[in-house]
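The values are calculated or read from the model by the stated rules, or taken from the named source; none is laboratory data. These numbers were taken from a predicted model, which means no experiment stands behind them. Don't worry about glycine lacking a Cβ; one is built from the backbone with ideal geometry, like all the others, and counts go over all protein chains shown.
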Amino acid sequence: MEYNSFFNLQVELNDICNLTCKHCYQIRAKAKEELDIDLVLSQLENLKKITGYQKHIFRLSGGEATLRKDLFKVIRNIKSHGYYVEVMTNGMFLDLPYVYALKSSGIDICQVSMDGSSAEIHNYVRGQGAYEKSIKGIKNLVKVGIPVEIKLTLIKGINTDDIRNMFSLCTELDVKYISLARFIFAGNGIQNFGRGNLIGNEVRDIFYKIAETGREFPQLNINVRDQLGRIVDIDIPKNVDMTKEPYMGVSYLAIDTYGNVYADRQLDIIIGNIHQQTLSEIWTGSSKLQDLRESKKYLRGKCIDCKINDICLGGNKTAAYALTGSPFEPDPGCWINEPINKIQLVDNFDKNMFQ
Ligand code: SF4
């Protein structure tokens with residue numbers, strides 16, 4: 001799936017989940033509410049005219065999207081408007097009859113989260129029995145012909161030495177896509193892995209490893225979803241794309257179960273709510289979103305004079321925000337110009353963003 005040519009709308013269909021993963025960024029109480037997809041669809045019509053994108057993909061997440069009882073109906077509804085649909089899931093409920101029904105509903109691609117190539121690693125993060133069920137689910141998806149993308153959250157000390165094994169696992173399972181994203185210091189993850197897991201040169205080293213190892217798996221489409229992927233300066237094989245993460249405010253919005261809208265779902269800053277404003281009003285009227293679009297104007301610290309700040313726009317804003325309280329501070333994962341090698345800040349957040 002060539003995400004770069006799509007407008008991405010990540011929508012959280014529900015709030016409930018069967019797991020409590022150690023790295024999960026959501027820590028709020030689990031509500032029974034479910035997102036009104038018709039409201040989103042009606043508002044997207046106008047937003048389309050403003051953004052000018054021809055292709056739109058709904059990335060359906062949760063909670064756990066497959067726990068939404070009317071998921072097939074939701075997918076059919078979205079498909080009837082001509083949009084693409086991806087379901088993002090932990091893969092634990094994908095038995096064969098369910099997967100056939102998913103295929104019939106018109107799904108375009110299914111993203112399954114895997115945190116390691118072995119039960120030992122994956123179950124450590126997600127809980128006992130998760131690995132076996134998710135692997136079975138992936139096999140079922142492949143069997144019925146639904147394209148699969150495995151999503152790996154990179155966590156230092158947990159799976160950063162498991163990259164080659166993950167690529168091998170994809171090959172064994174006949175999975176054609178894998179995307180990799182850095183663990184963000186939020187939610188459960190702060191307690192379990194600390195604020196500062198993967199910083200500075202550690203990020204550079206893992207991105208280099210992905211590129212170099214990816215060369216051994218030319219049949220696998222490997223996507224790095226991180227702004228700093230754009231500054232990797234080694235020879236990158238054709239099957240590895242380091243530019244998958246869109247710039248904020250250009251081709252992506254996220255909506256949670258309550259209708260809150262975000263520039264990035266992991267950037268914990270609400271920029272509007274679809275029950276009070278339309279998506280178009282939020283897209284054009286949110287000053288926070290506009291500031292994020294114009295990030296270069298507000299960069300701080302070492303990013304201000306950095307010669308490549310046009311390329312990364314200050315790096316991964318969710319990581320900067322999670323560590324400092326401002327998305328405009330330098331990304332703690334940046335290895336250019338005096339990288340951070342030790343995190344000292346823990347609780348002294350300066351919530352001074354957008355000031
Ligand atoms: S110093 Fe800032 S602008 Fe330069 S590469 Fe690092 S994050 Fe990007």
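So here's what we get for this one:
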{"quantity": "Test for S113: is it hydroxyl-bearing (S, T, Y) and surrounded by fewer than 18 Cβ atoms within 10 Å (Cβ to Cβ)", "calculated": "no"}
{"quantity": "Members of the stretch 290-315 that are within 18 Å of the chain's Cα centre (by Cα) and more than 8 Å from the ligand (Cβ to nearest atom)", "calculated": "L292"}
{"quantity": "Scan of the stretch 316-341 for residues that are farther than 17 Å from I155 by Cα and within 6 Å of the ligand (Cβ to nearest atom), ordered by number", "calculated": "P330, I336, N337"}
{"quantity": "Members of the stretch 211-228 that are out of contact with any strand residue (DSSP E or B) (no Cβ under 6 Å at 6 or more places or on another chain), away from the ligand (no atom under 16 Å from the Cβ), in contact (Cβ under 8 Å) with a residue 40 or more places away in the chain and not in a loop (DSSP other than H, G, I, E, B)", "calculated": "T213"}
{"quantity": "Filter pass, Y208 being closer than 20 Å to C312 by Cα, at pLDDT below 95 and aromatic (F, W, Y)", "calculated": "no"}
{"quantity": "From the options D95, D70, residue that is surrounded by fewer than 19 Cβ atoms within 10 Å (Cβ to Cβ), in contact with a strand residue (DSSP E or B) (Cβ under 9 Å, 6 or more places away or on another chain) and not aromatic (F, W, Y)", "calculated": "D70"}
{"quantity": "Of the criteria (1) assigned to a helix (DSSP H, G or I); (2) more than 28 Å from Y131 (Cα to Cα), which one G82 fails", "calculated": "(1)"}
{"quantity": "Residue within the stretch 137-150 that is hydrophobic (A, V, I, L, M, F, W, C), in contact with a helix residue (DSSP H, G or I) (Cβ under 8 Å, 6 or more places away or on another chain), closer than 21 Å to L19 by Cβ and surrounded by fewer than 17 Cβ atoms within 10 Å (Cβ to Cβ) present", "calculated": "no"}
{"quantity": "The stretch 213-262, residues that are basic (K, R) and under 15 Å from the mean Cα position of the chain (by Cα)", "calculated": "R225, K244"}
{"quantity": "Restricting the stretch 104-152 to residues that are at pLDDT below 95 and not in a helix (DSSP H, G or I), the residue that is farthest from I78 (Cα to Cα)", "calculated": "Q128"}
{"quantity": "Wholly within the stretch 239-331, helices (runs of 4 or more DSSP H) carrying at least 1 residues that are free of Cβ contacts under 8 Å to residues at least 40 places away in the same chain", "calculated": "279-285, 295-298, 309-312, 317-324"}
